[in-house]
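The values are calculated or read from the model by the stated rules, or taken from the named source; none is laboratory data. The model shown is predicted, which means the values in this text are computed figures rather than measured ones. FYI the Cβ positions are ideal-geometry reconstructions off the backbone, even for glycines, and counts take in every protein chain you see.
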Amino acid sequence: MRTERLVLRGWTESDRAPFAELNADLRVMEHLPSRLTRTESDSFVDRIEQHFEDHGFGLWAVEASGDFVGFTGLAVPRFHVDWMEEREQPVVEVGWRLQRTAWGRGYATEAARACLRYAFDVLCRSEIVSFTVVGNTRSRAVMERLGMHQIAEYAHPIEGRDAVPSVCYLSTRPPT
Ligand SMILES: CC(C)(COP(=O)(O)OP(=O)(O)OC[C@H]1O[C@@H](n2cnc3c(N)ncnc32)[C@H](O)[C@@H]1OP(=O)(O)O)[C@@H](O)C(=O)NCCC(=O)NCCS
């Protein structure tokens, strides 16, 4: 997919090194369970590619001015919590992770708008959710810019750790 400034595309081998770099960056990973090693980052890319095979959509690699800057896309969550029961099935989230130098330019919102349009127009979804930890104000601001509204506060399960206080937002229409 193309937006005014970005290309959302499938992953290439050359995305793996810059992706590992951003997954090791403390600022980028501040609100995520932990920074990733190169091996963990590569396994994540493998899972993303498998998700595309299984569902036909996924977390697209995002390019700005020809450079890989992170991902934005659609994914079926791998956990289950109460608020999911009342939602369209399978639940699909819109999510994003960009390298630090790509923040503050509106890229995440621009890419996510294209993903929401794809979800509503091509996948014919009625609903898309997004979730993050309560304190991730940048991510919540993206959700709000997309016109999403908060529908739940919940404890987000993390394997081998205490659950983390989190919020879920909902979109039921294409963004303007
Ligand atoms: C979440 C994340 C993608 C948000 O990035 P972001 O840069 O804050 O969000 P956007 O790309 O939408 O950019 C919006 C900012 O760009 C500014 N901006 C500059 N030029 C702009 C333009 N041409 N158009 C739109 N906005 C522009 C906006 O004013 C806004 O700035 P502000 O933060 O000072 O209000 C980023 O912080 C990130 O990757 N975090 C780590 C991963 C993460 O937490 N992911 C979510 C886990 S659930």
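Across segment 127-170, what is the number of residues that are away from the ligand (no atom under 11 Å from the Cβ) and of a type outside the set (A, V, I, L, M, F, W, C)?
Residues in segment 127-170 being away from the ligand (no atom under 11 Å from the Cβ) and of a type outside the set (A, V, I, L, M, F, W, C): 12 in total.
Just to be sure, is Gly58 buried (at least 20 other Cβ atoms within 10 Å of the Cβ), without any contact (Cβ under 8 Å) to a residue 24 or more places away in the chain and within 22 Å of Pro174 (Cα to Cα)?
The answer is yes for Gly58.
Return a yes/no flag: does segment 33-40 have any residue that is modelled with pLDDT of 95 or more, part of a strand (DSSP E or B) and touching a Phe, Trp or Tyr at 6+ places or on another chain (Cβ under 8 Å).
no
Between a first residue in segment 27-49 that is farther than 20 Å from Gly73 by Cα and a second residue that is within 14 Å of the ligand (Cβ to nearest atom), which pairs have beta carbons less than 6 Å apart while being 6 or more apart in sequence or on different chains?
Note: pairs meeting the criteria are Arg27/Arg100; Arg35/Ala24; Arg35/Met29.
Can you find even one residue in segment 10-29 that is over 22 Å from Thr132 (Cα atoms), within 12 Å of the ligand (Cβ to nearest atom) and not in a helix (DSSP H, G or I)?
no
Given the conditions (1) closer than 22 Å to Ala17 by Cα; (2) surrounded by fewer than 20 Cβ atoms within 10 Å (Cβ to Cβ), report the number of the one that Met84 does not fulfil.
The one condition Met84 does not meet is (1).
Which one of these does Thr109 not meet: (1) within 16 Å of the ligand (Cβ to nearest atom); (2) buried (at least 20 other Cβ atoms within 10 Å of the Cβ); (3) closer than 21 Å to Leu6 by Cα; (4) within 15 Å of the chain's Cα centre (by Cα)?
(2)
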